[in-house]
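Read the structure below first, then the notes.
Read the figures in this text as sums done on the coordinates, not as results from a lab. It should be emphasised that the depicted structure is a prediction, and the values quoted were computed from it without experimental measurement. Virtual Cβ from ideal backbone geometry, glycine too; neighbours counted across all protein chains shown.
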Amino acid sequence: MKHTKDTEEQKELIDENEELKQHDNHKFRPISEVVSSHKEELNTALKSLQEKLQHKESIKGVFEKTLQHIDSQAEHTERQIKQQFEKLHQFLRDEEEATIAALRDEEERKKHMMKEKLEEINRHISALSHTITDMEEMMRASDVCFLKEFPVSVERVQISHPDPQMPSGALIQVPRFLGNLPFRVWKKMQDIVQNTPVILDPNTAHRDLVLSDDLTSQHDNHKFRPISEMVSSHKEELNTALKSLQEKLQHKESIKGEFEKTLQHINSQAEHTEHQIKRQFEKLHQFLRDEEEATIAALREEEEQKKHMMEEKLEEINRHISALSHTIKDMEEMMKASDVRFLKEYPVSVERVQISQPDPQMPSGALIHVPRYLGNLPFRVWKKMQDIVQNSECAEDLNVSV
């Protein structure tokens, strides 16, 4: 069957040659010579095609490595972004801890001071209560006993201790902790961020508070009053003093009440201030979380864009490689074909060999632009944070209204 086909092809070729013989001035070469010449020419073209195939395979390898590098770039850059934001979060945690520690230190000092004042007023109240009790018991004693103890009692009544005063700045100075807190933290954060004017692009680079008690002795030239009259007079005098002592006791109890309220208020101040401190720092943490999320989202978006672009380039180079591979395979089969078939298909083969498609070029900016995300990241976030902090020149002192 193959023999018959080859015979038919040879006959067709001979008939064509016979027609050509009718034309004058035509020179004819043997088929083997023409085939040998064309095969040599086609073999040279085949080598060129194989070199082009190798070159396109090399381009494909570069594109694949670029696609892999985009993946590793995105992962590494996201990890670096998270590390930079974690440093800012840690700074906020340290500042929050230090602010609350300072608040608790002031709370303890103010409470200790008020407890000392409470102990002092309790001593006054206890002494005054004992004096009043003794006076009340003496008022019920016999006249002789009363007159005997009266001078000492009068002396005790006249002893007066000044009231303990509410210490200046007894309450927690809340503005010291909450006044301009976000702004002060933001300003302090400047110490850990650096603005580097020059940013290196890893894509272009090569592969750290006495009367005598002798009232019964008799002396000449002395006038004596009846005991009952003297007792009545002294009791009236002592009763007046007793009322005064009771008023002082009420006053000191009132002062004690104020001191206790102040102590309670210091507790509530500390709790409320700590709550406010935490809220302010949480706002800053949330700002950082939002910024981190937005930065990583932008990175992932660019990653998808760059990967899609490189995938399109890979599809294009694969089409080139596939077409070139088919051409080479067809050429190699044709080189093994019979002389007659070779000569018949040679013109189409030469035309296919001459078809050349330009190599797909590596797109400009194929890799992720890392400096856009990591360059001066802490400084840029710090600058942007300025929009959520306010500098109030006058911080209201809530203690003034207490």
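Note on Glu75 and His326: the model spin-label points, each 7 Å out from Cα along the C-beta direction, lie 3.7 nm apart. Cβ under 13 Å from Lys47's Cβ, Lys47 left aside: what net charge do those residues give with Lys, Arg +1 and Asp, Glu -1? The answer is -2.
Taking a straight line from the alpha carbon of Lys235, these lysines sit under 27 Å away, with near neighbours fewer than eight places off in the same chain left out: Lys148, Lys223, Lys243, Lys248, Lys252. If R0 is taken as 51 Å, the Cβ-Cβ distance between Arg176 and Arg156 corresponds to a FRET efficiency of 0.65. Note on Gln357 and Glu253: their simple-model spin labels are 10.3 nm apart, each label 7 Å out from Cα toward Cβ.
In plain terms, the bigger the Kirkwood radius, the slower the diffusion; for region 103-148, with that radius from Cα pairs, at 37 °C and 0.692 mPa s, Stokes-Einstein puts D at 248 µm²/s. From the Kirkwood radius over Cα pairs of region 44-109, Stokes-Einstein at 25 °C and 0.890 mPa s returns a whole-number translational diffusion coefficient of 145 µm²/s. Multiplying each eigenvalue of the alpha-carbon gyration tensor of region 21-130 by 5 and taking the square root yields semi-axes of 104, 8, 6 Å, largest first, rounded to whole angstroms.
Restricting the calculation to Cα atoms, region 239-278 shows an Rg/Rh of 1.41 when the hydrodynamic-style radius is the Kirkwood one. With a simple spin-label model that places each label point 7 Å from the Cα along the Cα-to-Cβ direction, the separation between Lys188 and Ser364 comes to 4.8 nm. Inverting the pair-averaged 1/r between distinct Cα atoms of region 232-379 gives 25.6 Å as its Kirkwood hydrodynamic radius.
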